[in-house]
Each structure stands twice: as structure tokens, then as C-alpha cells.
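Working notes, structure below.
Where a number appears in this text, it was derived from the coordinates with a stated rule and is not lab data. All figures in this text were calculated on a predicted structure; none of them were measured in a lab. Quick reminder, even Gly has a Cβ in these numbers, built from the backbone with ideal geometry, and neighbours come from all protein chains shown.
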Amino acid sequence: MQKSFLIALFCALFLQMNTAAATTPSNDPEVKLIVSPRRIWIVADEMPVKSLIVQVFDLQGKVVMEQKFSSKTADWSLDLQALPAGRYSVVAGTQEPIRFRK
């Protein structure tokens, strides 16, 4: 039982160290992406956004859509209706990609 406790403790410590390293501060604002069949909605935190680039990639890694957002942007969404049906991923700034199907 002590051995499994030590392994669990080691794993928790390792995960905590990696999470801390992965959340180093960047210039990107904290944003959430909400993907629907027709649009991707970008919801930013309350920080002013100087510049945020949102890119949509196809399966081959080619950028098929890109838009720059700032605090002065009125419409915080990407219209997906022109994209053909398929699998894509969307990236906001330096965040991890979110995969979706249209």
C-alpha cells in the first residue's frame, strides 16, 4: 500500500510541475472558443485584447481561415458556412488546438 501511495504522490507532483510550466504567462488573453456548426464564438476574459489571431486548419495543417481580433472588434465570431464539410482544428493565439467537425 505504501508503494502505491508513493507512486500516486510522485505522479501528482510530476503533473503539478508540468502544469505550472505549461501555464507560464504569455501576452495572449484568456479566451474560450465555442464551436457550433455555423460559427466559432470567441469569448475573451475582461482583459483588454490588443491582438488575438484565431486560425482554422484543415487535416493537412493548412490554414483555411484566419482572423485577427482586438478590443475594438465588434463581432467576436468566425463564420464557418463557407467551409466544406470535414474535420478541422481551431487555434486562438498560443492555446492548444480544438478539433471539430463541420
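Selection over the range 42-92 of residues that are surrounded by 13 or more Cβ atoms within 10 Å (Cβ to Cβ) and either among the β-branched types (Val, Ile, Thr) or part of a strand (DSSP E or B) (or both) gives a count of 21. Under the condition of being surrounded by fewer than 11 Cβ atoms within 10 Å (Cβ to Cβ) and part of a loop (DSSP other than H, G, I, E, B), the residues counted in the range 93-102 number 2.
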